[in-house]
Amino acid sequence: MAAFPDIQKIQYEGPQSKNPLAFRHYKADEVVEGKAMRDHFRFSVAYWHTMRGTGADPFGPGTMLRPWEGAEDTVANAMNRVRVFIEFCEKLGAGFFCFHDRDVAPEGSSLAETNTNLDTVVRVIREEMDRTGVKLLWGTANLFSNPRYVHGAATSSNADAFAYAAAQVKKALEVTKELGGQGYVFWGGREGYQTLWNTDMKRELDHLARFMRMAVDYAKEIGFTGQFYFEPKPKEPTKHQYDFDAAACINFLRAHGLEKHIKLNIETNHATLAGHTVEHELEYAGMQGFLGSVDANAGDLLLGWDTDEFPTDVYLTTKIMLTILKYGGFTTGGLNFDAKVRRESFEPVDLFYAHIGGMDAFAKGLKIAAQIRAERELAKMVRDRYSTWDSGVGAEIEGGKHDLKSLEKYMLGKGDVTPTGSGRKELLENLVNRYVL
Ligand code: XLS
Ligand code: NI
Ligand code: NI
């Protein structure tokens with residue numbers, strides 16, 4: 001029985017459409033900058049929010065109406081849920097999904113039983129993927145929910161927690177490979193601290209690096225060729241997470257010789273929690289070749305936590321797409337909606353409205369970004385701003401032809417700096433508005 005009997009495959013109807021279950025901008029086949037929209041975005045649905053989000057908050061239990069859910073967390077229900085999920089992806093027209101091991105199958109009474117449960121459900125996932133062509137963007141392991149990870153996993157003060165997490169990642173890598181996953185994400189759920197009074201930071205970070213190295217080595221051993229990603233987040237659930245932002249993650253990877261194996265998965269709301277914007281994080285990662293994948297969502301600037309809302313702000317999506325296009329687009333990565341409907345939006349149809357809105361906002365953002373790039377006005381203004389570096393002393397400095405002594409000589413001769421070139425922030429904002437509005 002279909003879980004969404006009243007909903008047909010979502011179609012593109014164009015900007016004039018008033019049908020809330022249609023796309024107004026996302027047209028999978030439409031070619032932008034030489035590539036179909038479907039391949040620009042590689043849209044992915046997050047299993048954890050879409051299938052396992054209950055709407056619970058610290059003040060009350062879940063509210064979601066999910067008629068397909070059985071009363072208990074059994075393997076049979078888990079298998080049924082997979083079918084519902086893939087029906088959702090298919091009707092939405094999202095080509096990819098992401099999941100944590102524990103999203104899809106319940107834990108058993110032992111690690112062995114848990115692994116068996118996972119294998120049973122993975123068989124259904126495989127069948128449904130083969131039936132529909134929906135693909136796995138990345139897999140990951142939930143190393144934060146179970147109380148055994150109270151002090152973290154790879155950075156736990158308890159060596160057994162590290163060992164259990166290692167066993168879990170081994171299995172998660174096998175399953176990701178089996179499902180043809182194109183990537184694997186490390187997000188350090190509790191890899192951080194609540195207080196430095198009880199924390200040996202150096203030891204914890206060395207353990208985290210050792211853990212990642214084990215995963216990279218095992219991937220090689222089993223022939224998993226997907227891309228590894230590290231997902232920055234500055235806080236929540238711990239007060240301070242080690243994967244704080246792109247800069248901290250890249251430094252960590254380089255310091256431990258992992259930079260060849262692991263790129264970043266940048267999430268909008270994590271960037272803002274770190275006091276950055278997502279475009280800052282994308283640019284910082286992109287300029288150094290670490291831009292791997294994106295967890296698309298939006299935060300609420302009035303709230304200081306990861307609200308994981310759906311992105312509908314066209315300025316936001318335009319900025320994200322400008323940076324992604326600048327760095328050549330996704331190869332292994334994609335746009336994963338790490339986003340959930342609000343507790344008050346409890347009907348199944350809200351899942352469709354939410355994803356359609358996000359996909360349309362990104363489609364519109366892509367078109368605007370492509371236009372901004374095609375007309376080159378913005379790029380020209382940035383280039384012109386640095387024109388003193390294109391000849392004379394600027395070009396000589398960039399060419400390595402100067403040292404402190406020669407520059408002192410140059411400045412003694414010249415006298416002083418004449419400020420040139422207004423920053424033009426206001427003009428640039430108006431220019432961008434011309435494309436957006
Ligand atoms: C949580 C993270 C998480 C990762 C996957 O804040 O965004 O959902 O993407 O473990
Ligand atoms: Ni995420
Ligand atoms: Ni998040």
So, first residue outside any strand (DSSP E or B) and at pLDDT below 95 in the stretch 181-196, second residue buried (at least 24 other Cβ atoms within 10 Å of the Cβ) and β-branched (Val, Ile, Thr), Cβ within less than 9 Å, six or more apart or across chains; the pairs are 188/155
Restricting to helices (runs of 4 or more DSSP H) lying wholly in the stretch 362-437: which have 1 or more residues that are at positive phi? 392-398
Being within 13 Å of ligand 1 (Cβ to nearest atom), part of a helix (DSSP H, G or I), among the polar types (S, T, N, Q) and closer than 22 Å to residue 42 by Cα is the requirement here; does residue 269 meet it? yes
So residue 366, is it away from ligand 1 (no atom under 16 Å from the Cβ), in contact with a strand residue (DSSP E or B) (Cβ under 7 Å, 6 or more places away or on another chain) and either farther than 30 Å from residue 103 by Cβ or not hydroxyl-bearing (Ser, Thr, Tyr) (or both): yes
Between a first residue in the stretch 142-159 that is more than 24 Å from residue 52 (Cα to Cα) and a second residue that is hydrophobic (A, V, I, L, M, F, W, C) and in a loop (DSSP other than H, G, I, E, B), which pairs have beta carbons less than 9 Å apart while being 6 or more apart in sequence or on different chains? 154/143; 156/150; 158/150
Tell me which residues, restricted to the stretch 209-231, are assigned to a helix (DSSP H, G or I), touching a Leu at 6+ places or on another chain (Cβ under 8 Å) and of a type outside the set (D, E, K, R). 209, 212, 215, 216, 218, 219, 222
Only one of 323, 312 is modelled with pLDDT of 95 or more and not in a helix (DSSP H, G or I). Can you tell me which? 312
For the stretch 78-127: of the residues being over 23 Å from the mean Cα position of the chain (by Cα) and not in a helix (DSSP H, G or I), which is surrounded by the fewest Cβ atoms within 10 Å (Cβ to Cβ)? 109
The stretch 178-198, subset buried (at least 17 other Cβ atoms within 10 Å of the Cβ) and among the hydroxyl-bearing types (Ser, Thr, Tyr), residue nearest to ligand 1 (Cβ to nearest atom): 184
Residue match in the stretch 212-223 (condition: basic (Lys, Arg), more than 16 Å from ligand 1 (Cβ to nearest atom) and touching a residue at least 12 places away in the same chain (Cβ under 8 Å)): yes
Only one residue in 54, 63 is in contact with a Ser or Thr (Cβ under 9 Å, 6 or more places away or on another chain), among the hydroxyl-bearing types (Ser, Thr, Tyr) and either assigned to a helix (DSSP H, G or I) or in contact (Cβ under 8 Å) with a residue 60 or more places away in the chain (or both), so which one is that? 63
Within the group 167, 172, which residue is within 16 Å of ligand 2 (Cβ to nearest atom) and among the hydrophobic types (A, V, I, L, M, F, W, C)? 172
Across the stretch 277-307, which residue is nearest to ligand 2 (Cβ to nearest atom) among those that are buried (at least 21 other Cβ atoms within 10 Å of the Cβ) and of a type in the set (Val, Ile, Thr)? 294
Within the stretch 332-354, identify whether any single residue is in contact (Cβ under 8 Å) with a residue 24 or more places away in the chain, part of a helix (DSSP H, G or I) and buried (at least 20 other Cβ atoms within 10 Å of the Cβ), and answer yes or no. yes
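The values are calculated or read from the model by the stated rules, or taken from the named source; none is laboratory data. These numbers were taken from a predicted model, which means no experiment stands behind them. Don't worry about glycine lacking a Cβ; one is built from the backbone with ideal geometry, like all the others, and counts go over all protein chains shown.
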